[in-house]
Structure formats: C-alpha cells, structure tokens
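This report concerns only the one structure given below.
Values in this text are rule-based calculations from the coordinates and carry no lab data. Computed from a predicted structure; not experimentally measured. A quick note on method: Cβ atoms are made from the backbone with ideal geometry, for glycine too, and the neighbour counts reach across all protein chains shown.
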Amino acid sequence: MRVLIVEDDRLLGETLKEVLEGEGFEVVWIRDSTLALETFKKNPFDLIILDLIMPKKRGEELLREVREMDEDVPIIVLTAKARLYDKKVCFSLGADDYITKPVEMEELLLRIRAVLKRARRSDIVKVGDTKINLKEGYVEKEGRIYVLSKVELEILKVLTQNLGKAVNSKEIIPKVWGDREVSDSLLRVYIKRLRKLLPIENLKGRGYRLRPL
C-alpha cells in the first residue's frame, strides 16, 4: 500500500519512512506541502500522514484541498499542535485520526492499521486509482463508470473483504451463488471480465487475489 508522508522535519521524516517501509508499505516522503499536493494529484495513495506546521502551505489547508479532491483516502494528522481547537478543525475538514507528537512508532502503526481497516470496511474500496462502489454496484476507472452485474458485484465483495489475500473457488462460489452447483469454469469467466478493470491475480493452487496497488 502506498503512503504519502508530508513532514518537514528531516529526522522524523526519515524515521517514519524507514519504519513504514519495514512494515511493507511503499512510502513517498515530501517536506513541502505545495509539492505534496501536486504529487497527490498525479499519483494514487492509500494513506496520508500529515503534519500541520509546514512551510508555504499550512497542513490544514492541504487537508482541505485533498478532501475536495478525494473524499475517501484515509488521512492521519501527526502534529505538535495539541489544542482541542486544532483537533476540532482537522476533524471537521475530514481527518480520520489526530495524533500529537511525540508518538511511539508502535502506537502509530496500530493507529495506521485501525484507520486502514475502517477504510476497507466502507462501501468505497480504492485499488490504486480505481474505485469500487460496493453499495451502488459500479467500478470507476479513469473517469469512466462500469456498472457491475449482480454476480460480478458479489465476487468483488468477497475479494475486497480479503484484499491482498488469496481466496479459492470453494470459498467464493458459496458466497456468490449459495447452494447452486456452479463450476470453477463459470467463476473463471466472471473473473476474466473483472480483470479488465482490476488487478485480480490467478495464483496457481491458491485461488484469486485482488492486489492492492
């Protein structure tokens, strides 16, 4: 999963980058909030960690601008500002969590996992720059809307609930078709259609995996 860190403190930025990469995240660390916004416009991210006290553009302003562009990307504010007023402002602007410095890395990782878990449970699932709307039943990719059939939607519900994990046909078929006798070949037909929109991998002997970008 891709994380954008917006932090001007060199030591903290380097530490955050090292720790998160050690946990398997792909990390982009930027010390300039203006550049961070331009980077976000051009690249999909699964999480943003944002300092408020930044040169050129305040973190609150960046938070507001990001939320105007993307309502779903999880945002964790990590700042030295500890006033209740600042917390209220950030939550009203759309922050998902607010952590005051200094913070233990273990606690930060716990908070990150909690925020990402909540995001995965939502009706909107992001896979790179593609959005899956599980409530309305469509995929949005490159500005276009692709309406899903009932079967395609149910398959995606199973795959998104296990995002990044392999799920075999014996697990998928009962959740999609119930007690009906359905062959693996029929499932493969639907998977083939969905692979035109999403990075679904066929893992030999293990099943199918919707790969988070």
Could you work out the mean projected area of the convex hull around the alpha carbons of the stretch 124-210, in square nanometres to one decimal?
5.3 nm²
Would you mind working out the magnitude of the charge dipole of the chain relative to its Cα centre, with +1 at each Lys and Arg C-beta and -1 at each Asp and Glu C-beta, to the nearest 20 Debye?
820 debye
Answer label, with P(r) over Cα pairs in 10 Å bins from 0, in percent calculated from the coordinates and candidates (i) 8, 35, 40, 16, 1; (ii) 8, 32, 30, 19, 10, 2, 0; (iii) 8, 27, 30, 20, 10, 4, 1, 0:
(ii)
Fewest-first sequence of T100, T160, T79 by Cβ atoms within 10 Å of each Cβ:
T100, T160, T79
Between helix 150-161 and the chain: long-axis angle, C-alpha atoms, 0 to 90°, nearest 10
50 degrees
Give the residue list of trypsin sites (Lys or Arg not before Pro) in the stretch 110-166 that are DSSP loop and have at most 16 other beta-carbon atoms within 10 angstrom.
R121, K135, K165
For K81, the lysines lying under 22 Å Cα to Cα, once residues fewer than eight places off in the same chain are dropped, come out as K17, K56, K57, K101
What lysines could a cross-link reach from K175, if we take a straight Cα to Cα line under 18 Å and drop same-chain neighbours fewer than 8 places away?
K135, K150, K157, K165
The chain: antiparallel bridges as % of DSSP beta bridges, rounded to 5, reads 50 percent
In debye, nearest 20, what is the charge dipole magnitude of the stretch 124-210 about its Cα centre with +1 on Lys and Arg Cβ and -1 on Asp and Glu Cβ, if you could check?
200 debye
Could you give the C-alpha radius of gyration of the stretch 2-120 expressed as a fraction of 2.2 N^0.38 Å, taking N as the number of residues it contains?
0.95
If you stretched the chain out fully between K42 and V28, how much longer would it get, using 0.36 nm times the residue separation minus the C-alpha to C-alpha distance?
3.8 nm
Expressed as a whole-number percentage, the relative contact order of the chain with C-alpha contacts under 8 angstrom and at least six residues apart is 14 percent
